[in-house]
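The values are calculated or read from the model by the stated rules, or taken from the named source; none is laboratory data. All values reported here derive from a predicted model rather than from experimental measurement. We place every Cβ from the backbone using ideal geometry, glycine too, and count neighbours over all the protein chains shown. In case anyone asks, the SASA skips ligands and DNA or RNA and just uses the protein heavy atoms, side chains included. Shrake-Rupley method; radii C 1.70, N 1.55, O 1.52, S 1.80 Å.
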Amino acid sequence: MPRTKEDKQAIVADLKQLLSESQMAVVIEYKGLSVAEITNLRRSLRPSGAVCKITKNTLMKRAVDGDQKWESIEPLLKDASAFLLLKDDLSGAIKAYKEFQKTTKKTELRGGVLEGKLLTEADVTAIGDLPSKEQLYAQIAGALNAVTAKVAIGIKEVPASIARGLQAYADKDNKQESDAA
């Protein structure tokens, strides 16, 4: 049963909404995947906040038409396309997709779009190799902790240095008095 014009308009509006909330879009070829496999992909993407959307290329073209941030996706719109719309954790979502790709060996990453720029498969993979959001938070927390520890040690060292200096002066004074006597 063909879709009505209203159905298509609703799909395009939904796509526009999803794109407005996304930072990056990745296009994959999903030919040969079962419904269960697509469901597994969607589940694996959920923790990173990404969404897997399957729709006709023409509807995606309509959704990105006139939007400079997403128009560069058009060369990737061919054959059977699935769209991974990534919100916050870009590398986490790409890693989840790569893991899915390893297990199924059925999908092919065509490329993506980030900030209006068309990305190749190698570019998308490179973004996936970056540390995840959680890893970056841990690195920042470690760096902040190291700074505060150094400040605390430095502050503690000032009175200790003064005490050592006073003790050395007192020892010198005592030595001079004992030498004079």
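Odds and ends about this structure:
- Residue tally, condition assigned to a helix (DSSP H, G or I) and open to solvent by less than 40 Å² (accessible area, probe 1.4 Å), over the stretch 38-72: 10
- Search result, residues across the stretch 1-18 that are exposed (fewer than 13 other Cβ atoms within 10 Å of the Cβ) and closer than 28 Å to ALA122 by Cα: GLN17
- Hits in the stretch 97-123 - residues which are touching a Gly at 6+ places or on another chain (Cβ under 9 Å) and closer than 15 Å to CYS52 by Cβ: TYR97, LYS98, THR104, LYS106, THR107
- Leading residue by the ranking (surrounded by the most Cβ atoms within 10 Å (Cβ to Cβ)) among those in the stretch 114-160 that are more than 14 Å from the chain's Cα centre (by Cα) and in a strand (DSSP E or B): LEU119
- Residues in the stretch 19-37 that are crowded, with 17+ Cβ neighbours inside 10 Å and aliphatic (A, V, I, L, M): LEU19, MET24, ALA25, VAL26, VAL27, ILE28, LEU33.
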